[in-house]
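Asker: Got a structure for you, written out below as structure tokens; questions coming shortly.
The values are calculated or read from the model by the stated rules, or taken from the named source; none is laboratory data. Every value quoted in this text rests on a predicted model; they were computed, and no experiment measured them. Neighbour counts are summed over all protein chains in view; Cβ atoms, including those assigned to glycine, are modelled from backbone coordinates with ideal geometry. Accessible surface is based on the protein model in full, side chains and every heavy atom, while ligands, DNA and RNA are left aside. Shrake-Rupley method; radii C 1.70, N 1.55, O 1.52, S 1.80 Å.
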Amino acid sequence: MRIQDLASIAIRYSRMRFLESFLIVLAIALGVAVVATFAGLIGSVSDQARAFARNPIAWGICIIPRDEDYASFSSGPSQAPATPIGPAGTPPVRLTMRDMERLRQGVTSARYVFTQEYRMMPLRPAISTGNKSGAPHSEVMAITPEFFDAYGLRLGQGTFFTKSDISAGSNVIVLGSKLAKRLFGDAPAIGQELLWGFAPVGPGGSRGGASSSYTVIGVLEPVSPDAKGKGTGLSDPMDQFDECGFIPITSTWEHRGPDTTLREIWVMPASAKEAPVALDEVRKFVEREYRGGVAVHSALDDMKHAMRSLRGLAMAILLIASAGMVIAAINILNLMLARVLRRTKAIGISIALGASRQDIFLQLLGESFILGLAGGGIGLILAMGGVRLIAMVTQGFVVTVGLWGLAAGIGASCLASLVFGAYPAYLAARSVAADALREV
């Protein structure tokens, strides 16, 4: 019997028993929707982990006094004094520029060693440009020059600041491409003066404080699209640099002088492959040199732990949710068995007229498979709504059905319809024509 004939017969009998067919399709659709949604979640988590691991931001290893610890690593440096937490007798740890040099020489896998601190303060042109879309509050990063090389940032205009600017505490600034556009529009940014900090109190009682003047010496190229999530729908963490300004760390009021105290030091290997080796080497160096007075954090390591936990949770939910697929499969079995019982006479007549057992088996299995495909298609549509709901609940976490969800949904619907439709089809194929005609 040809495939198109089997499909035609399956569709005709499904329309004749529309309510039964609808219940089978609905059960499969709900089961497939749940399975595909959570399989898509697991796949999205894996895609995000792989995309993040390709990004230089993931390779960085942060060394920070234990009192600052993870709060500084994750959300910017705190203002607490450096009081080390470690074994009894551990001397207070004070990270300086000299420690950067020690790390550079003591950790062979460290390609770049630098410091970075995030600040969110007003940044505005010293002379009004008439650009009303300026950025009164902007993220500014106080850094050392190796930061630019570590993250592969390139200049669109001007120059980077250098080690001599660090030594002199020069008030110069390099702008991200989007920030330069917001501040100056189409006007040239190089040579412009920017005020960073709060303006003095004015006649109207505006917010007071101190502000420093910085000269723009460079504008970055936009972050390369090659570094993005490569089809995952994920944003590139380095996109933030387009909105940042970058200044020498020694130009800030609390970091004046060559022996300034640093809140964190970053070590960057040359590639993601070298990150685990560098992390192990840094930990050994820190344990030997600082005796527990500083903490070491790796973005990649922390991301792996977080993703492992999230994947485990999603897998557990997927297993629980698969119970819905089992219920759908049992419904298929019961409803197909009922169909076989109601069609005993028709089956007997078919056999009496010369239909083979194989034809009967394929006919009933074909009906089950067609219903499974219909339920799978509807289930995948429902799954697309499910992943959007998860994205809304998680406030921006990118979740798609993707190949993982498609494969899981189609596989679940086909498996359920074939496996649990096979037994009723087998019983129908074993029918004896005389007995079947006698029973009706």
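Asker: Among what's in the range 256-303 and is at positive phi and open to solvent by 20 Å² or more (accessible area, probe 1.4 Å), pick the residue that is modelled with the lowest pLDDT.
Answerer: 257
Asker: Could I ask something else about it? Return only the number of the condition from (1) farther than 24 Å from residue 157 by Cβ; (2) modelled with pLDDT of 85 or more; (3) open to solvent by less than 20 Å² (accessible area, probe 1.4 Å) that residue 251 does not satisfy.
Answerer: (1)
Asker: Taking into account only those residues within the range 110-134 that are of a type in the set (A, V, I, L, M) and under 28 Å from the mean Cα position of the chain (by Cα), which is modelled with the highest pLDDT? If you could, list the steps in order and put the result at the bottom.
Answerer: Within the range 110-134, the first condition is being of a type in the set (A, V, I, L, M), and the residues that meet it are 110, 113, 120-121, 123, 126-127.
Now narrow it down to the ones that are under 28 Å from the mean Cα position of the chain (by Cα): 110, 113, 120.
Numbers: 110: 85, 113: 93, 120: 82.
Looking at the filtered set, the residue picked out is 113.
Asker: Counting just the residues of the range 100-128 that are part of a loop (DSSP other than H, G, I, E, B) and open to solvent by less than 10 Å² (accessible area, probe 1.4 Å), which one comes out farthest from residue 240 (Cα to Cα)? Break it down into steps so the answer makes sense when it comes.
Answerer: In the first step, residues of the range 100-128 are kept if they are part of a loop (DSSP other than H, G, I, E, B); the result is 107-111, 115, 126-128.
This time we only want the ones that are open to solvent by less than 10 Å² (accessible area, probe 1.4 Å), so: 107, 115.
On the way: 107: 29, 115: 17 Å.
It comes out as 107.
Asker: Quick check: anything in the range 90-99 over 30 Å from residue 402 (Cβ atoms), surrounded by 14 or more Cβ atoms within 10 Å (Cβ to Cβ) and at pLDDT below 75?
Answerer: yes
Asker: Hand me the list of helices (runs of 4 or more DSSP H) wholly inside the range 135-247 holding 1 or more residues that are open to solvent by 60 Å² or more (accessible area, probe 1.4 Å) and modelled with pLDDT of 95 or more.
Answerer: On the way: elements: 146-150, 163-168, 177-184.
Here the list is empty.
Asker: Find the residue count for the range 33-60, including only residues that are within 30 Å of residue 268 (Cβ to Cβ) and within 11 Å of the chain's Cα centre (by Cα). Working first, answer last.
Answerer: Residues of the range 33-60 that are within 30 Å of residue 268 (Cβ to Cβ), as a first pass: 43-60.
From the residues that got through so far, the ones that are within 11 Å of the chain's Cα centre (by Cα) too are 43-53.
Adding up the residues that qualify gives 11.
Asker: Still on this structure, I have one more. Starting from the range 272-298, take each residue that is assigned to a helix (DSSP H, G or I) and list its partners that are surrounded by 14 or more Cβ atoms within 10 Å (Cβ to Cβ) and acidic (Asp, Glu), counting only C-beta distances under 9 angstrom and pairs at least six apart or across chains.
Answerer: Pairs that qualify, where the first residue is assigned to a helix (DSSP H, G or I) and the partner is surrounded by 14 or more Cβ atoms within 10 Å (Cβ to Cβ) and acidic (Asp, Glu), are 275/301; 276/301; 279/301; 289/99; 290/99.
Asker: Here's a follow-up. So is residue 370 out of contact with any strand residue (DSSP E or B) (no Cβ under 6 Å at 6 or more places or on another chain), open to solvent by 70 Å² or more (accessible area, probe 1.4 Å), closer than 30 Å to residue 43 by Cβ and touching a residue at least 60 places away in the same chain (Cβ under 8 Å) or not?
Answerer: Spelling it out, it is not the case that residue 370 is out of contact with any strand residue (DSSP E or B) (no Cβ under 6 Å at 6 or more places or on another chain), open to solvent by 70 Å² or more (accessible area, probe 1.4 Å), closer than 30 Å to residue 43 by Cβ and touching a residue at least 60 places away in the same chain (Cβ under 8 Å).
Asker: Here is a follow-up. Could you go through the range 356-364 and let me know if any residue there is of a type in the set (Gly, Ala, Ser), open to solvent by less than 40 Å² (accessible area, probe 1.4 Å) and at pLDDT 75 or above. Can you show your working first?
Answerer: Taking the range 356-364 and keeping what is of a type in the set (Gly, Ala, Ser), we get 356.
The next check asks that each one be open to solvent by less than 40 Å² (accessible area, probe 1.4 Å); those that pass are none.
No: zero hits.
Asker: Residues 399, 393, 432: which one is at pLDDT below 85, crowded, with 17+ Cβ neighbours inside 10 Å and of a type in the set (A, V, I, L, M, F, W, C)?
Answerer: On the way: 393 fails: crowded, with 17+ Cβ neighbours inside 10 Å; 432 fails: crowded, with 17+ Cβ neighbours inside 10 Å.
Every option except 399 fails the conditions.
Asker: Kindly list the number of the only condition in (1) touching a Ser or Thr at 6+ places or on another chain (Cβ under 9 Å); (2) open to solvent by 30 Å² or more (accessible area, probe 1.4 Å); (3) at pLDDT 80 or above that fails for residue 381.
Answerer: (1)
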